[in-house]
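Sharing a structure with you now.
The values are calculated or read from the model by the stated rules, or taken from the named source; none is laboratory data. Please read all numbers here as calculations on a predicted model, not as lab measurements. Cβ sites come from the backbone with ideal geometry, for glycine too, and all protein chains shown count toward neighbours. With ligands, DNA and RNA removed, areas are computed over all heavy atoms of the protein, side chains included. Shrake-Rupley method; radii C 1.70, N 1.55, O 1.52, S 1.80 Å.
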Amino acid sequence: MSFLRITSPHGHGPLTTAQVMQTVLLATLPGVVVLTWFFGPGTLINILFGGAVALACEYASLWLRDREPAPYLSDYSVLVTSTLLCIALPPYAPWWLVTTGILASVILGKHVFGGLGYNPFNPAMVGYVVLLISFPLQMSTWQAPRGLGEVPGLGDSVTALLTPGAYDGVTMATPLDLLRQNKGLLLDDLYAQAPQMVQWAGIGWEWVNIEFQAGGVWVIYGGVFTWHAPVGMLVMLGLCAAAGFDSGSSESGGSPLFHWLSGATMFGAFFIITDPVSGATSNRGRLLFGALVGLLLYLIRVHGNYPDALAFAVLILNFAAPFIDQYTQPVTYGHRPQREDEE
Amino acid sequence: MTTVFDIHGGIHPPEEKSLSNPGEVLDAGIPPTLVLPLSQHIGKPPTLEVAIGDRVKGGQLLAAAEGLVSVPLHAPTSGVITAIEPRPVPHPSGLENLCVELRCDGEDDWLELEGFENWQSEAPETLVASVRAAGIAGMGGAGFPTAVKLLAPQRAPMHTLIINGTECEPYITADDTLMQVQAADIVLGAEILAHILGVERILLAVEDNKPAALTAMQAAAADAGRVCEVMTFPTKYPSGGEKQLIEILTGKQVPTGGLPADLGIVCQNPGTAVAVKNAICEGRPLTDRIVTVTGRALARPGNYRTRLGTPIDHLLGVAGFEPKNNRRLIHGGPMMGFALESADVPVIKTTNCILVPTEQELPTPPPAQACIRCGLCAEACPASLLPQQLYWYARARDQEQLERHHLADCIECGACSWVCPSHIPLVQYYRAAKGMMADSRAEKIRSDRSRGRFEARQERLEQEAAAREAQRAARRAAAQQKAAQGGADDPVAAAIARAKAKKEAAAEESGES
Ligand code: SF4
Ligand code: SF4
């Protein structure tokens, strides 16, 4: 009788890569629901349309690279990339914007480097930056939140996607835009003047951030990734904001709470910088990686010229990740320096 | 109870221990033939003391130890030697080894055995010699000759003996069973070992998933002739790894590349302790052991007292093997054991478990997917390595980075592969990479050696050249002197002498080059 020769271990834990990806997808749900509530179904439509484009693009890339597509498609990774990109895109974006972003993410962000696991940059952020540089206008229009403007319905969303010229929604500057553009008003006056600014950050945005945070905490609790990068980023962002918050002068950079709950902060902290492929490897490295993203995020937000700074901060740190790894390798068993009293 | 420490990483795979019903010992019986590999351990094979056709009794010496790291072999029962030839032995690579085949007569007729009446008054050297003569090798892992471990005090004093009853691998309950049924023998064996080693402290380590074994060991320790501390700690794989256990019990780490002995610690397995007790108190050599025969492809899984050399085929028959729905035969546990291609190999001293799972139980792994660098492997690694980096560098054959990331400190526990959501057989890559590094180290030693030879030759040539140069200078000086002396009375003769000296020197020079 001949038995199968396989190397140890002979058992396996319960988790699969597809499940890891599904968990991440599921965890974006609360944030997406709140986005939809405040800004209408635009993001949802983006995600669905983008997902379809991404699957087709992944299939074609694998086929061109002479790989068997089925096992790669079944790991759900491309859907994670497309979903994250589409959440970051403005709702009611035209189809060509979404498609260009997806193509950039999947092909430029991933396949040119050899596919999943080999990409040095966060694919979703690669797509985002390509769009931001190519189409700055479309990338910086954002729908007005519920309460300040009419929230579009499903029909409008589909029209906006497929026949961009035919749709004209109500757009409005985001709180981050306001803060950056305003250099003449005291912060308190700005809050009083602009209807989209409420007590913490901005209408809608604070709840979007809180929900993305909830989803992220759930993923960490499930053991799919560790707390180090998010905590590093949020703590550093908070510290920077506290240092730059001169109790609200016209030069003020906004309070820590404002920064935590604005724009893509929580989405970035829990869903973007936790991308393990392009981030740092060890836990200490992730803490440092997160902290540096937080620092850059603050600097670009306050002094830069973009709607939000996350994508740039992340891509710059992706560059630095291998160096961070060099200096944050954990101490291996038996390499701990021997203390005198251990002798 | 003393405090215990935690180790980094670790996993909690399903334990599956109750399947083999720990605490009950079944008898595997005497098979028609036994196949005894001459070398069952690390080290030199022993030399044969019997020939084909010889009739032997149980306990009789079949092969004598050869050198320090060698272990003798004894007959596990009475019978006739029917073959001495290479046979397949349990080994990950399907190795063949010289084996003695013993046709058993079923009488189980043994030699008269005699132990020490009063071992406490014997010198450690005498007892070590008896341990060596009994053919005892570590019964937990690599099968290192026990007597060699007992020589540790010759280098530095030892202070602690640990009896490692952790048995953290799923499925295996051989030590658990032994601790339940022979706790007193284990403790006595530990006392003998402590006497040999001259240690002050005996620690009996039991993981907290074996309450019955723990109770038995505590009772036995209370009756012992000296203080034995029973320590228990939370269940986690791989707490039973020697290095991990030392950290759990003492908070100290064995320095990289070092041995527990560097910390003054010696670890032994409960089975080894019993074997030492048998050897010293009864003069009985090691010829049987408890083997956990388990898995859902068996009708009667359990712990079988098995004579060494029993074909695994026979053991499977006794345990009621049903081949349908089984594809794998594993020697050892599911985490670190290796798959055997054929059941036609014998039980050896390190055979603690034979596992025959069904496909539902331990499915054949699906093809590996890409590493998503999730870091779950690093979270699980008990050695605090970065398995995903090691994997990357192993594939790239980047030896420098493999060294920088301490591949050598990987204990091949398999925790990383177990958690990897992409089902990457990480340990397989590490074994291959270690092999590659060992090869290139050997290559380097070879080239160093030949460089050494080259340099020695160069030096010799230079020395010879220098010696010749000195001779030549002396000769030239003599000639010049002669010429100078001669020059006073005969300029012609002096000129001839000078020319001659010059020619001589030139001839020597060309002769050398
Ligand atoms: S667990 Fe597997 S997929 Fe995750 S980082 Fe380690 S090797 Fe890569
Ligand atoms: S096999 Fe090696 S790398 Fe993997 S968990 Fe065990 S010690 Fe760490």
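Does residue B:35 satisfy the criteria of being away from ligand 2 (no atom under 16 Å from the Cβ), of a type in the set (Val, Ile, Thr) and part of a strand (DSSP E or B)?
Yes.
Among all residue pairs at least 6 apart or on different chains, which show Cβ distances below 8 Å where the first residue, located in the stretch B:409-421, is within 11 Å of residue B:390 (Cβ to Cβ) and facing chain A (nearest Cβ under 7 Å) and the second is open to solvent by less than 30 Å² (accessible area, probe 1.4 Å) and more than 6 Å from ligand 2 (Cβ to nearest atom)?
Between residues of the stretch B:409-421 that are within 11 Å of residue B:390 (Cβ to Cβ) and facing chain A (nearest Cβ under 7 Å) and residues that are open to solvent by less than 30 Å² (accessible area, probe 1.4 Å) and more than 6 Å from ligand 2 (Cβ to nearest atom), the close pairs are B:409/A:332; B:409/A:333; B:409/A:334.
Look through B:433, B:408 and report the one residue that is part of a helix (DSSP H, G or I) and touching a helix residue (DSSP H, G or I) at 6+ places or on another chain (Cβ under 6 Å).
Just a single option satisfies the conditions, and that option is B:433.
Would you be able to tell me the number of residues in the stretch B:107-123 that are open to solvent by 80 Å² or more (accessible area, probe 1.4 Å), within 16 Å of residue B:285 (Cα to Cα) and in contact (Cβ under 8 Å) with a residue 40 or more places away in the chain?
The total comes to 1.
Conditions first: (1) assigned to a helix (DSSP H, G or I); (2) modelled with pLDDT under 85; (3) basic (Lys, Arg); (4) open to solvent by 30 Å² or more (accessible area, probe 1.4 Å). Residue A:336 passes all but one, so which condition is the exception?
Just one mismatch for residue A:336, condition (1).
Out of curiosity, is residue B:237 of a type outside the set (Asp, Glu) and modelled with pLDDT of 95 or more?
In short, no.
Looking at this structure, is residue B:362 away from ligand 1 (no atom under 15 Å from the Cβ) and outside the structural domain of residue B:35 (by TED's automatic domain parsing)?
Considered against the rule, which asks whether it is away from ligand 1 (no atom under 15 Å from the Cβ) and outside the structural domain of residue B:35 (by TED's automatic domain parsing), residue B:362 comes out as yes.
Let me ask something else. Enumerate the strands (runs of 3 or more DSSP E) found wholly within the stretch B:78-174, keeping only those where 2 or more residues are within 18 Å of the chain's Cα centre (by Cα) and under 24 Å from residue B:273 (Cβ atoms).
B:160-165
Quick one: how many residues across the stretch B:306-363 are of a type in the set (Asp, Glu) and in contact with an Asp or Glu (Cβ under 9 Å, 6 or more places away or on another chain)?
Total meeting the criteria: 3.
Also: Of the residues that make up the stretch B:456-464, is at least one within 16 Å of ligand 1 (Cβ to nearest atom) and out of contact with any helix residue (DSSP H, G or I) (no Cβ under 6 Å at 6 or more places or on another chain)?
No: the stretch B:456-464 contains no residue that is within 16 Å of ligand 1 (Cβ to nearest atom) and out of contact with any helix residue (DSSP H, G or I) (no Cβ under 6 Å at 6 or more places or on another chain).
Find all pairs meeting these conditions: Cβ atoms under 6 angstrom apart; at least six residues apart or on different chains; first residue within the stretch B:9-28 and within 16 Å of ligand 2 (Cβ to nearest atom) and among the basic types (Lys, Arg); second residue open to solvent by less than 50 Å² (accessible area, probe 1.4 Å) and part of a loop (DSSP other than H, G, I, E, B).
Here the result reads none, with nothing in the stretch B:9-28 linked to a residue that is open to solvent by less than 50 Å² (accessible area, probe 1.4 Å) and part of a loop (DSSP other than H, G, I, E, B).
Take residue B:279 and decide whether it is over 18 Å from residue B:352 (Cβ atoms), more than 16 Å from ligand 2 (Cβ to nearest atom) and at pLDDT 90 or above.
Yes, satisfied.
Further question on the same structure: Conditions: (1) away from every other protein chain (no Cβ under 11 Å); (2) free of Cβ contacts under 8 Å to residues at least 40 places away in the same chain; (3) among the hydrophobic types (A, V, I, L, M, F, W, C); (4) surrounded by 19 or more Cβ atoms within 10 Å (Cβ to Cβ). Residue B:456 meets all but one. Number of the miss?
Here residue B:456 meets the rest and fails (4).
For a quick check of your reading of the model, give me the residue pairs whose first member lies in the stretch B:424-445 and is under 30 Å from residue B:374 (Cα atoms) and within 14 Å of another protein chain (Cβ to nearest Cβ), whose second is near ligand 2 (Cβ under 10 Å from one of its atoms) and open to solvent by 40 Å² or more (accessible area, probe 1.4 Å), with beta-carbon atoms closer than 6 Å and at least 6 apart or on different chains.
B:427/B:412
How do the pairs read when you match residues in the stretch B:234-256 that are away from every other protein chain (no Cβ under 11 Å) with residues anywhere that are part of a helix (DSSP H, G or I), using Cβ under 8 Å and keeping only pairs 6 or more apart or on different chains?
Sorted first by the residue in the stretch B:234-256, then by its partner, the pairs are B:239/B:245; B:239/B:248; B:242/B:260.
Spot the failing condition for residue B:22; the list is (1) out of contact with any strand residue (DSSP E or B) (no Cβ under 8 Å at 6 or more places or on another chain); (2) assigned by TED's automatic domain parsing to the domain that holds residue B:170; (3) at negative phi, and only one is missed.
(1)
Anything in the stretch A:283-308 that is farther than 13 Å from residue A:259 by Cα and at pLDDT below 90? List them, or say none.
Answer for the stretch A:283-308, where residues must be farther than 13 Å from residue A:259 by Cα and at pLDDT below 90: A:303, A:304, A:305, A:306, A:307.
Continuing with this model, one more query. If only one of B:408, B:368, B:396, B:380 is within 16 Å of ligand 2 (Cβ to nearest atom), more than 21 Å from residue A:275 (Cβ to Cβ) and small (Gly, Ala, Ser), which one is it?
Result of the check over B:408, B:368, B:396, B:380: B:408.
Could I ask something else about it? Which ones in the stretch B:394-403 are surrounded by fewer than 21 Cβ atoms within 10 Å (Cβ to Cβ) and at negative phi?
Scanning the stretch B:394-403 gives B:395, B:396, B:398, B:399, B:400, B:401, B:403.
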